[in-house]
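The values are calculated or read from the model by the stated rules, or taken from the named source; none is laboratory data. Note that the structure is predicted; figures quoted are calculated from it, not measured. Every residue, glycine among them, receives a Cβ derived from its backbone with ideal geometry; neighbour counts consider all protein chains shown.
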């Protein structure tokens, strides 16, 4: 954890903690934020554990948290922070926008969600809005979350079959690896197709990947 001292400008209204395991991303964000007259970066963290520790020490107004960090991921860090302070204002900043990660972040208590390729003004506006008490989730992401939540959940076995399907395994290979018959594999796949509202193996993998159910 690196503490960043404030300068001698007029006291900023928004104190920000930046958490990302990529130093270039973290330092770039810190530089952008620190140039704003109404913001300052009070600390940086590179792991989920560091994020929780820094938050407890610094008590920032807004925290930017990357979802995929070592030791403890972003969702875990958000959950730990929110257990201590249910009103903590946390924004998820990530490269990924799968349905599963969106829902996990929101359920954990994120007040904002923004992609790393967003424009600078969008990032700064999100920080200001979340600091003001708003929940700032882009409409397109809310729609994706609603669509994902409306579908029936896959069982653990169906997820196993889907994961193997995504790795290019045949029905025979899947059955052999799971010690089930090809007929049973086909039955699981029919159920998967129905729940995902798809018609083919390729479409099932594409939809599952977008929703974060499997990773290629």
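Points to keep in mind about this one:
- Among residues of the range 182-199, those that are more than 28 Å from the chain's Cα centre (by Cα) and surrounded by fewer than 13 Cβ atoms within 10 Å (Cβ to Cβ), counted: 3
- Every residue from the range 96-110 that is in a loop (DSSP other than H, G, I, E, B) and at pLDDT 80 or above: 109, 110
- Residues in the range 56-87 that are touching a helix residue (DSSP H, G or I) at 6+ places or on another chain (Cβ under 7 Å), modelled with pLDDT of 95 or more and in a loop (DSSP other than H, G, I, E, B): 61 alone.
- Test result for residue 61, surrounded by fewer than 18 Cβ atoms within 10 Å (Cβ to Cβ) and within 16 Å of residue 130 (Cβ to Cβ): no
- Residue within the range 140-156 that is assigned to a helix (DSSP H, G or I), within 22 Å of residue 191 (Cβ to Cβ) and modelled with pLDDT of 85 or more present: yes
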